[in-house]
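What follows draws every value from the coordinates through simple rules; no lab data is involved. Being a predicted model, the structure only gives us computed values, none of them experimental. Cβ: placed from backbone, ideal geometry, glycine included. Neighbour counts: every protein chain shown.
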């Protein structure tokens, strides 16, 4: 609470939005409400999320307050220890409904867009659109956050790889931008030279990863064009 007050008050009136709570849902941890086992949950109980949002609103009344979550865009499981996309979406909706019913000052759901270029077949446009509509029905806005495309399992040929990465961006954004409640898209970095995936999703062939709109020399890639096309083709806000 003190941390939220100190930081949010210092920047009050200057910030567009705050990521107040991040990745609090994890159905495979076995709790009835679907929350992730964490120090916050252990020490404060499930109401820690409401406490964080109320504290943030008091400290910065004008900023949008965001709940940010991962593993929402896909079907099945990305790894054996991750929940299915459907289970994750259901648990997040349950959380959002509970927060709204209690008058929690939450404005936005942030949907992390860490895409995997080799697993785009798990993108189900119909189910994702339905989920976005359910979120919008709760009178919440939506942000696409942390958007990038892992290419560590794509072919080594750069032209082929860049085309597949661009396709992943465009396919995903073409779905989510159909929902009018989606108000913003944030990539997880701009240039390949600064991507976190250089450490966390390295290629076995040793080649640099290329997950972002700009290459390491800050040149626009096919991904940049794909993102621009998705914006151009999206319904007007």
Item to check | Amide N proximity, region 149-187 versus residue 205 label position 7 Å along Cα-to-Cβ, cut-off under 19 Å | outcome: 149-168
Item to check | FRET efficiency for residue 229 and residue 134, using Cβ-Cβ distance with R0 set to 22 Å, rounded to 0.05 | outcome: 0.20
Checklist entry - Anyone know which of 76, 30, 113 comes out most mobile in the 10 Å Cα GNM of the chain? => result 30
Next on the checklist: Using the Kirkwood formula on the Cα atoms of region 116-237, what hydrodynamic radius do you get, in angstrom to one decimal?
Outcome noted: 15.0 Å
Checklist outcome for this item: Over all Cα pairs of region 51-124, the Kirkwood radius sets Rh, and Rg/Rh then becomes 1.07
Next on the checklist: To test your reading of the geometry: what angle, between 0 and 90 degrees and rounded to tens, separates the Cα axis of helix 85-101 from the longest principal axis of the chain?
Outcome noted: 30 degrees
Checklist entry - Using alpha-carbon positions, what is the distance between the centroids of region 160-197 and region 95-149, in Å? => result 15 Å
Checklist entry - For the pair residue 159 and residue 118, what calculated FRET efficiency results from E = 1/(1 + (r/R0)^6), where r is the Cβ-Cβ distance and R0 = 22 Å, to the nearest 0.05? => result 0.85
Checklist entry - How many percent of DSSP beta bridges within the chain run antiparallel, rounded to 5? => result 10 percent
Item to check | Principal semi-axes in Å for region 80-181 [√(5λ), Cα gyration tensor, largest first] | outcome: 29, 14, 11
Checklist entry - Under the rule of -39500 (n - 2.57) per DSSP H run of 4 or more residues, summed and divided by the residues of the chain, what mean residue ellipticity at 222 nm is obtained, to the nearest 500 deg cm²/dmol? => result -12000 deg cm²/dmol
Checklist entry - Can you put 74, 10, 169 in order, fewest other beta carbons within 10 Å first? => result 10, 74, 169
Checklist outcome for this item: In a Gaussian network model of the chain with springs linking alpha carbons closer than 10 Å, the residue among 88, 199, 156 that fluctuates most is 199
Item to check | Potential lengthening between residue 167 and residue 36 on full extension [0.36 nm per residue; Cα-Cα distance subtracted] | outcome: 43.9 nm
Checklist entry - Antiparallel as a % of all DSSP beta bridges within region 1-130, to the nearest 5? => result 20 percent
Checklist outcome for this item: For residue 47 and residue 126, extending 7 Å from Cα along the Cα-Cβ vector and measuring point to point gives, in nm, a value of 4.3 nm
Next on the checklist: I need to check one value: relative contact order of region 4-96, counting alpha carbon pairs closer than 8 Å and at least 6 residues apart, in percent.
Outcome noted: 37 percent
Checklist entry - Hey, what did the chain get for relative contact order, percent, Cα under 8 Å, at least 6 apart? => result 16 percent
Item to check | Projected-area mean, the chain, by convex hull of Cα positions, square nanometres | outcome: 13.6 nm²
